[in-house]
Amino acid sequence: MSGSAVRGGQGGAVRVSEAVEGYLTHLSDVRRLSSATVRAYRADLADLTGATGDPEVAALGIEDLREWQWEASRSGLSKATAARRTSAVRGFLAWAKDAGLIDGDPAQRLVAPKRGRTLPAVATAQALEGVLATAAQNAREGDPLALRDHALLEMLYGSGARVSEICGLDLDDIDPERRTLRLRGKGDKERVVPYGVPAGLSLDAYLVRARPVLSARGEGGAGRAVFLGARGRRLGPRTVHSLVSRTVAPVVGAETLGPHALRHSAATHLLDGGADLRAVQEILGHASLGTTQIYTHVSGERLREAYKLAHPRA
């Protein structure tokens with residue numbers, strides 16, 4: 001939706017709520033951001049709309065934005081959430097200016113709170129070997145969901161894929177001869193990543209022994225999806241999150257843990273093993289090398305801990 005498409009207000013004026021809908025359509029249709037990202041921006045901008053009373057977008061000033069920020073800081077939001085909300089309003093008003101809805105952009109003077117740099121949760125290779133061995137043992141009994149869960153854990157760790165990419169996999173995206181996956185990442189960008197022999201064996205077992213059983217439960221509703229839920233439909237991220245939290249979180253010492261922990265672990269273990277940083281960037285599908293570099297800090301922390309424990313002069 002262009003700027004002209006949202007110029008429907010009285011006398012050509014456009015309220016914030018109306019402009020927000022145009023911006024969200026732009027994010028979805030033009031920038032091709034994921035539905036989860038668009039939902040997060042919708043929630044952030046809905047809060048801005050409510051807090052400011054939904055004025056005309058041209059009437060929003062820097063003081064309105066700073067007061068909105070201040071009220072959010074009083075509610076106990078984390079720095080990461082506050083920074084995301086600031087990013088959302090900056091993007092929205094930059095788009096509004098480009099679309100001709102406002103003459104100046106007050107958000108250019110809006111300062112985002114600095115995020116504390118937190119290192120991602122990482123499981124050791126030995127701990128993950130134990131998790132995967134247990135999953136393999138459960139799969140040997142032949143239960144379709146156990147076979148699926150084993151393949152899921154192996155593929156998440158073996159490919160470093162995002163949970164949305166794994167859930168979005170279709171049968172045509174797998175090349176078993178080359179042991180590669182074609183993944184659709186952020187912005188609908190495609191990349192091809194390798195996976196190892198253990199992941200390949202668990203995937204083959206799932207596709208032969210479990211997927212047909214699960215697909216029959218869905219009465220043809222599975223389509224070409226690789227991973228299916230208990231009712232035979234395409235698997236959703238929530239089920240994968242529950243699986244990882246149940247199996248991997250205990251070995252990391254966390255109460256809950258998402259599938260991203262396996263992605264973090266894969267990246268860290270690749271770098272620990274001597275992989276080139278740019279190769280890891282390609283595997284993970286990061287647009288910026290700077291995003292991948294956080295894993296060098298993770299490896300550095302582990303080296304320092306090992307030094308403290310082992311060196312007599314530490």
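Just so it is clear, none of the values below were taken in a lab; they were calculated from the coordinates. Nothing here was measured: the structure is a model prediction, and the numbers come from that model. Cβ coordinates were reconstructed from backbone atoms using ideal geometry, including for glycine residues, and neighbour counts include every protein chain displayed.
Taking N as the number of residues in the range 111-211, what is its Cα Rg relative to 2.2 N^0.38 Å?
1.24
For the chain, what's the relative contact order in percent, using C-alpha pairs closer than 8 Å and at least 6 residues apart?
15 percent.
Calculate, axis by axis, the spread of Cα positions in the range 163-251 along the three principal axes, and write the results as whole Å, longest axis first.
34, 31, 30
Across the chain, how many lysine pairs separated by 8 or more positions, or lying on different chains, have Cα atoms within less than 28 Å?
For the chain, qualifying lysine pairs total 7.
Once you put a point 7 Å from the Cα of residue 134 and another 7 Å from the Cα of residue 71, both along the Cβ direction, what distance in nm separates them?
4.6
I'd like the FRET efficiency for residue 238 and residue 98, computed as 1/(1 + (r/R0)^6) with the beta carbon distance as r and R0 of 35 Å, rounded to 0.05.
With a Förster radius of 35 Å, E is 0.45.
How much mean residue ellipticity at 222 nm does the chain get from its helices, if each DSSP H run of length 4 or more adds -39500 (n - 2.57) and you divide by all residues, to the nearest 500 deg cm²/dmol?
So the calculated ellipticity at 222 nm is -17000 deg cm²/dmol.
What is the helix-to-structure angle for 62-74, meaning the angle in degrees between its Cα long axis and the longest Cα principal axis of the chain, kept from 0 to 90 and rounded to the nearest 10?
Approximately 40 degrees, to the nearest ten.
In nm², what is the average projected area of the convex hull enclosing the Cα atoms of the range 185-304?
Across all orientations, the range 185-304 yields a mean hull projection of 9.2 nm².
Taking the chain as the reference, fit the longest principal axis to its C-alpha atoms, fit the long axis of helix 79-98 to the helix C-alpha atoms, and give the angle between the two in degrees, 0 to 90, nearest 10.
Relative to the chain, helix 79-98 is tipped by roughly 50 degrees.
At 0.36 nm per residue, and after removing the present C-alpha to C-alpha distance, how many nm does the segment from residue 78 to residue 62 gain when stretched out fully?
3.6 nm
Would you please put 234-240, 269-275 in order of how densely packed they are, using the mean number of other Cβ atoms within 10 angstrom per residue and starting with the highest?
The densest-packed peptide leads the list: 234-240, 269-275.
On a full-extension model of 0.36 nm per residue, what is the gain between residue 182 and residue 40, subtracting their alpha-carbon distance, rounded to one decimal in nm?
Contour length minus the Cα-Cα distance gives 48.5 nm.
Given the Cα-Cα distance of residue 230 and residue 28 and 0.36 nm per residue of separation, how much length would full extension add, in nm?
69.7 nm
With each label point set 7 Å from Cα along the Cα-Cβ vector, what nm distance links residue 288 and residue 219?
4.9
Taking every pair of Cα atoms in the chain, average 1/r, invert it to obtain the Kirkwood radius, and report Rg/Rh to two decimals.
1.04
Using the alpha carbons of the range 17-97, what is the convex hull volume per residue in cubic angstrom, as a whole number? All intermediate terms of the calculation are to be shown ahead of the outcome.
Numbers: hull volume 6.9 nm³, N = 81.
For the range 17-97, the hull spanned by Cα atoms encloses 85 Å³ per residue.
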